Amino acid sequence: MHNNLARKQKQLPALRISDLRERITLSFGDSWAASFSTDIALSELGSKSVNEALAAGFEPDVIWKAVCKAHPIETEKYKY
């Protein structure tokens, strides 16, 4: 029982698409965020862009983790 409670406490709330977009904008800036989401393919997402991954049904938190892994310096402040 204690393990289930600990496991639940470690789970983070689901990331919303709007939160994902905000983190991308904060990490890469207003002028580059839209282009990043459309044009940059991430290997962790099967060579899909952020927008393609969303359209394919990937969860926003999975996408954000892939962005963080591929761009650790840019996303350092906004990792969770």
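The values are calculated or read from the model by the stated rules, or taken from the named source; none is laboratory data. Worth saying up front: this structure is predicted, and the values here are computed from it rather than measured. Methodologically, a virtual Cβ is constructed for each residue, glycine included, from the backbone with ideal geometry; neighbour enumeration extends over all protein chains shown.
Odds and ends about this structure:
- In the stretch 17-39, the residues that are modelled with pLDDT of 95 or more reach residues that are polar (S, T, N, Q) and part of a loop (DSSP other than H, G, I, E, B) with C-beta atoms within less than 9 angstrom, at least six apart or across chains, in these pairs: Phe36/Ser49; Ser37/Ser49; Thr38/Ser49; Asp39/Ser49.
- Pairs where the first residue, in the stretch 49-61, is farther than 15 Å from Arg23 by Cβ and touching a residue at least 12 places away in the same chain (Cβ under 8 Å) and the second is assigned to a helix (DSSP H, G or I) and among the aromatic types (Phe, Trp, Tyr), C-beta under 9 Å, 6+ apart: Ser49/Phe36
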